[in-house]
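Derivation of every value follows stated rules applied to the coordinates shown; laboratory data play no part. Owing to the predicted nature of the structure, the values given are computational and were not obtained by experimental measurement. Cβ sites come from the backbone with ideal geometry, for glycine too, and all protein chains shown count toward neighbours.
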């Protein structure tokens with residue numbers, strides 16, 4: 001059996017979306033795929049790139065450039081609503097020192113746009 | 001080159017299948033729990049304890065997502081209404097269960113005879129946090145030897161949990177695990193989560209956990 005990281009399934013989705021959108025746009029080649037990926041998401045760009053190279057082989061997406069826009073993590077304090085960046089693993093609010101926080105940005109993973117020909 | 005706008009969530013395919021799984025489970029009146037933890041924290045032990053305690057009260061089925069063996073499935077086989085082991089099904093091994101694997105496993109289960117489905121995810125605190133399976137509630141187990149800093153190191157899995165279990169409470173005298181610190185971190189990330197302290201070895205706290213499972217299953221059934 002082959003061991004797969006969870007990026008495999010995700011990359012399959014990326015390839016499928018790219019092929020469908022290229023088709024819809026009546027284009028014949030995928031040149032680049034612009035992905036937005038949150039810093040807190042459990043996905044690694046290198047790993048997506050690795051699977052992309054093999055999954056896109058012999059498709060119109062072969063050789064396409066993956067561009068990753070990384071979204072830094074942003075937290076929101078549930079006490080005083082202050083928005084702040086987490087410092088390493090210390091997640092307390094810089095204003096009220098509250099430790100009840102939610103992630104307001106940094107979990108995304110989506111295709112923003114594509115370059116096609 | 002022409003730029004086309006896409007704005008499409010890459011996880012959407014998994015989420016669509018997960019929704020379909022939940023609709024199927026709802027239709028057949030099955031309540032499903034997704035049980036996640038690091039390897040060795042006690043997923044199988046908790047499942048075995050739950051099976052024993054709920055015997056005669058609920059028909060319980062188990063989906064095993066363990067990576068490398070069928071040991072776990074064999075252990076629960078004798079107690080459960082049905083057991084499906086994911087990794088024997090010609091699927092590539094994965095670091096997490098995904099909704100499509102559950103969809104396929106559900107096809108082999110006698111859903112009309114099942115009240116509660118326990119899904120044992122792959123032992124991992126990172127990957128499973130990104131994939132919903134169609135479960136009704138998400139359960140995360142931490143055990144004392146892992147240390148009390150896990151919610152801080154792996155926040156995502158705790159943020160989305162409906163229940164957090166502190167297992168191996170019988171080891172408390174022997175390890176540096178501060179219960180208050182752990183609970184404080186969990187409450188900060190996820191104030192709505194239930195926290196259970198128990199030991200699958202001594203059965204301490206199991207009764208309260210099983211009462212919660214029964215209550216959740218009943219609440220869920222009443223909604224339909």
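Ranked highest first by average number of other Cβ atoms within 10 Å, how do B:153-160, B:8-15 line up? Write down the numbers at each step before the final one.
Working: B:153-160: 20.5, B:8-15: 18.5.
For the peptides B:153-160, B:8-15, the packing ranking is B:153-160, B:8-15.
May I ask you to order B:77-85, B:172-180 by the average number of other C-beta atoms within 10 Å around their residues, highest value first? Show your work: numbers first, answer last.
Numbers: B:77-85: 18.7, B:172-180: 11.6.
Those peptides, ordered most packed to least, come out B:77-85, B:172-180.
Per-residue Cβ counts within 10 Å, from other chains only, averaged over A:43-50: what number is that? Spell out each step's value before the answer.
Details: counts 5, 0, 0, 0, 0, 1, 0, 0.
Average per residue, whole number: 1.
So for chain A, averaging the separation of alpha carbon pairs under 8 Å that are six or more residues apart and normalising by length, what relative contact order in percent results? All intermediate terms of the calculation are to be shown ahead of the outcome.
On the way: 200 pairs, mean separation 40.4, N = 117.
It rounds to 34 percent for chain A.
Among B:74, B:135, B:64, determine the one that fluctuates most according to a GNM of chain B built with springs between C-alpha atoms less than 10 Å apart.
Maximum fluctuation in the GNM of chain B, among the listed residues, is at B:74.
Ranked highest first by the average count of other Cβ atoms within 10 Å around their residues, in what order do A:65-78, B:183-196, B:108-121 fall?
Values: A:65-78: 15.7, B:183-196: 17.7, B:108-121: 20.2.
Order by mean packing, descending: B:108-121, B:183-196, A:65-78.
Within 10 Å of each Cβ in peptide B:13-21, how many partner chain Cβ atoms are there on average? Round it to a whole number, please.
Values: counts 6, 4, 0, 0, 0, 0, 0, 0, 0.
Partner Cβ neighbours, averaged per residue: 1.
Residue A:28 to residue A:105: extension gain in nm, 0.36 nm per residue of separation minus the Cα-Cα distance?
Details: separation 77, 0.36 × 77 = 27.72 nm, distance 3.47 nm.
Gain on stretching residue A:28 to residue A:105: 24.2 nm.
Per-residue mean of other chain beta-carbon atoms within 10 angstrom of the beta-carbon, peptide A:110-117?
Working: counts 7, 6, 4, 5, 7, 4, 4, 2.
Neighbouring Cβ atoms belonging to other protein chains average 5 per residue here.
Per residue, how big is the convex hull around the C-alpha atoms of the protein assembly as shown? Give it to me in cubic angstrom, could you?
On the way: hull volume 51.3 nm³, N = 341.
Per residue, the Cα convex hull of the protein assembly as shown comes to 150 Å³.
Between the range A:29-105 and the range B:11-37, how many Å separate their Cα centres?
Distance between centres, Cα-based: 25 Å.
If you split all Cα-Cα distances of the range B:12-223 into 5 Å bins from zero, what percentages do you get per bin, shortest first?
1, 7, 16, 20, 22, 17, 10, 4, 1, 0
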